[in-house]
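Asks: My questions all concern the structure below.
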Amino acid sequence: MADAAPAVKEEPPKREVKTHTLTCKTDQSVKPVPVALRDLVIFFIGGAGDQESYYGTGPNNNIDYVRKITVDDATQLNILKRCPSWPLSYNAFITDEDLEKNVLSRIPNCSTAIYIVGHSLGGWNGAHLSSVLTDKGFKVRMLMTLDPVGEGKIVYGISNIYRREPKPKAEYWLNIRAAAVDWNVSDLVADFGEQWEVTQGPNVMGRVDVNHADADRMFLQILPGGKSARQIFYESILSYFRE
């Protein structure tokens, strides 16, 4: 059963300016000192045929439905301007050039809190991205993998994905495995690409009766612990702004 929208509606206090007394004894005036707001950026990474055509299919924009939910929630919570987000194709950051253009150029600084939400091949490559960014000194606050796919040798041969199993590096990792009772075409595609059977590592792991293509439904399902990925996502963001 899907959860309701986040209940917290107040905007976190802004901290653009503070004052302090200069220590120099020759200048006793109190002057404002600008303090930057805490930066945050979210990358939504789609799977095969999501943001672009994949061997004649797509784009189907599955990850965009998840992004829309988060944008609507951020609007309700009055924090939309503080939560810039970018949809990416699963293969948009494999080369150094693409990594700089599509990811690094959109991260304000090394202290920026980075959220990565990846679906299907985007979950597999997004998990790798968390490691790449962490190794470069960035802070990946949350990694969310929605039915990640990429273990199959065939899909590796025809898709621009990392070959080795990911070793995610994030402060918090949430993984969801789609296990629909009634299969559809998208589940056959995921089976062909071979779903990543994560056995250890995530802070939260859930197995849900949802078809592979329905990333937004995975985002809304209640997981072990009684919360949805949506709830966990925004509790983390609001906590970050209040730290």
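Asks: Please specify each residue of segment 207-226 satisfying the condition of being assigned to a loop (DSSP other than H, G, I, E, B) and either within 20 Å of residue 40 (Cβ to Cβ) or out of contact with any helix residue (DSSP H, G or I) (no Cβ under 9 Å at 6 or more places or on another chain) (or both).
Replies: Matches in segment 207-226: 209, 224, 226.
Asks: Restricting attention to segment 140-185, and to residues there that are in contact with a strand residue (DSSP E or B) (Cβ under 9 Å, 6 or more places away or on another chain) and hydroxyl-bearing (Ser, Thr, Tyr), which single residue is nearest to residue 45 (Cα to Cα)?
Replies: Among those that are in contact with a strand residue (DSSP E or B) (Cβ under 9 Å, 6 or more places away or on another chain) and hydroxyl-bearing (Ser, Thr, Tyr), it is 145.
Asks: Checking residue 107 against (1) more than 20 Å from residue 136 (Cα to Cα); (2) in contact (Cβ under 8 Å) with a residue 12 or more places away in the chain, which test does it fail?
Replies: All conditions are met except number (1).
Asks: Go through (1) aliphatic (A, V, I, L, M); (2) free of Cβ contacts under 8 Å to residues at least 24 places away in the same chain; (3) crowded, with 18+ Cβ neighbours inside 10 Å and name the single condition residue 178 misses.
Replies: Status for residue 178: all satisfied but (2).
Asks: If you don't mind, there's one more thing I want to ask. With respect to residue 161, determine if the residue is outside any loop (DSSP other than H, G, I, E, B), in contact (Cβ under 8 Å) with a residue 40 or more places away in the chain, within 19 Å of the chain's Cα centre (by Cα) and buried (at least 16 other Cβ atoms within 10 Å of the Cβ).
Replies: In short, no.
Asks: So in segment 196-243, with the set limited to residues that are hydroxyl-bearing (Ser, Thr, Tyr) and within 23 Å of residue 169 (Cβ to Cβ), which one is surrounded by the fewest Cβ atoms within 10 Å (Cβ to Cβ)?
Replies: Step by step, filter segment 196-243, then rank; the result is 199.
Asks: While we're on this one: May I ask you to say which residue of 83, 110 is surrounded by fewer than 15 Cβ atoms within 10 Å (Cβ to Cβ) and touching a strand residue (DSSP E or B) at 6+ places or on another chain (Cβ under 9 Å)?
Replies: So the residue among 83, 110 that is surrounded by fewer than 15 Cβ atoms within 10 Å (Cβ to Cβ) and touching a strand residue (DSSP E or B) at 6+ places or on another chain (Cβ under 9 Å) is 110.
Asks: If I ask for residues that are farther than 27 Å from residue 236 by Cβ and either touching a Gly at 6+ places or on another chain (Cβ under 6 Å) or of a type in the set (Phe, Trp, Tyr) (or both), which ones from segment 162-183 would you list?
Replies: 183 - this is the single residue of segment 162-183 that is farther than 27 Å from residue 236 by Cβ and either touching a Gly at 6+ places or on another chain (Cβ under 6 Å) or of a type in the set (Phe, Trp, Tyr) (or both).
No value in this document is a laboratory result; all are computed from the given coordinates. This structure is a prediction, so every number in the text was calculated from the model and none was measured. Reconstructed Cβ throughout: ideal geometry from the backbone, glycine too, with neighbour counts over all protein chains shown.
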